1. Considering region 85-132 alone, what residues qualify as being among the polar types (S, T, N, Q) and either under 20 Å from Lys171 (Cα atoms) or surrounded by 21 or more Cβ atoms within 10 Å (Cβ to Cβ) (or both)?
2. Which residues, counting only those in region 90-107, are of a type in the set (A, V, I, L, M) and either touching a Pro at 6+ places or on another chain (Cβ under 6 Å) or outside the structural domain of Gly124 (by TED's automatic domain parsing) (or both)?
3. Kindly indicate whether any position in region 249-259 is without any contact (Cβ under 8 Å) to a residue 40 or more places away in the chain, of a type in the set (Ser, Thr, Tyr), in a loop (DSSP other than H, G, I, E, B) and under 30 Å from Ile89 (Cα atoms).
4. So, Gly124, is that one at positive phi and assigned by TED's automatic domain parsing to the domain that holds Ala212 or not?
5. Identify, please: which residue in region 64-75 is more than 16 Å from Gly124 (Cβ to Cβ) and of a type in the set (A, V, I, L, M) and is, among those, surrounded by the most Cβ atoms within 10 Å (Cβ to Cβ)?
6. For region 221-229, state whether one or more residues are farther than 30 Å from Phe52 by Cα, part of a strand (DSSP E or B) and in contact with a strand residue (DSSP E or B) (Cβ under 8 Å, 6 or more places away or on another chain).
7. Please indicate, with yes or no, whether at least one residue in region 209-224 is surrounded by fewer than 22 Cβ atoms within 10 Å (Cβ to Cβ) and either within 20 Å of Phe280 (Cα to Cα) or not assigned by TED's automatic domain parsing to the domain that holds Asn263 (or both).
8. Please verify whether Lys204 is in the same structural domain as Gly108 (by TED's automatic domain parsing) and over 18 Å from the mean Cα position of the chain (by Cα), treating the condition exactly as stated.
Amino acid sequence: MFFYLLYRTGQFIALRLPLKAVYGLAVFISDLHLLFSGADRKAVAMNLTAVFPEKSRREIRRIRKMVFRNFAKYLVDFFRYAVLDRNFIEKNISVRNINYVDEALERGKGGVLLAAHIGNWELGGVTLAALGYPLSAVALPHKNDKVNRFFDEKRETMGIKVIPLYNSLRKCFRVLRGNGLVALLGDREFTRNGGAVTDFLGKKALLPQGPAFLALKAGAAIVPGCMIRGEDDRFTLMFEKPIYPPAAGSFEDNLRLMQYEINRVIERWVRRFPEQWYFFKKYWIDEGENT
């Protein structure tokens, strides 16, 4: 109930104050979060240091502060979905390489949109839906039913069909058979029974195999895409070349091959936009750790 009331309060404020003022308030709160949440502060610093061992402690602290601030702004954007329209998108969002999405759909087998906890993946989905693309998103349900409905209703209001993470395969295949798009996050496995331990940024991590598995089974292309915030708080939604299922080879070998390509794409994003990679828990698996 606490988080439900917190999100409702955040939405109330975000819809009634000018955007610049709400961003300023969000930054202030994020700085307090950074100051008082030792566990989150330590986890983010540990993750960043693992990715950038060559950076000084001062630089890691700078990036960490921006992670907290950018995540707070991400929440503001989510709370303001009710006032987002085509005019906002045209003024504040630049879309690059949308032809890669069209290229995938031209095959008639749908497309798997690969995203990560980078930038504003939710707003990226909203933008695609507003542009008329048939989008379904696989989402991890919140433990609290009210919080879960709060988030899902906002997504569905913006034209995104929500597929709960658990028992989602059949619905995902149905979307792909209808030549639709299924969006999944590829940088963290939350179920702990559907992923694989693999190399990511030079260390072992438990990553989801859902995007590669769906693409192989359905014959669909994977289209990587991320929505990045600029210094002026405008956004760029950028897509990369589709990853196509191999024409030959065993399913297991092809799954490993596609997973490798997925990992390398997300690694590039993390290294390029570390201030916008949001993960507030320990990320990598220690040697000998039971997964």
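The values are calculated or read from the model by the stated rules, or taken from the named source; none is laboratory data. All values reported here derive from a predicted model rather than from experimental measurement. Don't worry about glycine lacking a Cβ; one is built from the backbone with ideal geometry, like all the others, and counts go over all protein chains shown.
1. Those that are among the polar types (S, T, N, Q) and either under 20 Å from Lys171 (Cα atoms) or surrounded by 21 or more Cβ atoms within 10 Å (Cβ to Cβ) (or both): Asn120, Thr127.
2. Ala104
3. Checking region 249-259: not a single residue is without any contact (Cβ under 8 Å) to a residue 40 or more places away in the chain, of a type in the set (Ser, Thr, Tyr), in a loop (DSSP other than H, G, I, E, B) and under 30 Å from Ile89 (Cα atoms).
4. Spelling it out, it is not the case that Gly124 is at positive phi and assigned by TED's automatic domain parsing to the domain that holds Ala212.
5. So the residue we want is Val67.
6. Taking every residue of region 221-229 in turn, at least one turns out to be farther than 30 Å from Phe52 by Cα, part of a strand (DSSP E or B) and in contact with a strand residue (DSSP E or B) (Cβ under 8 Å, 6 or more places away or on another chain).
7. no
8. Criteria met by Lys204.
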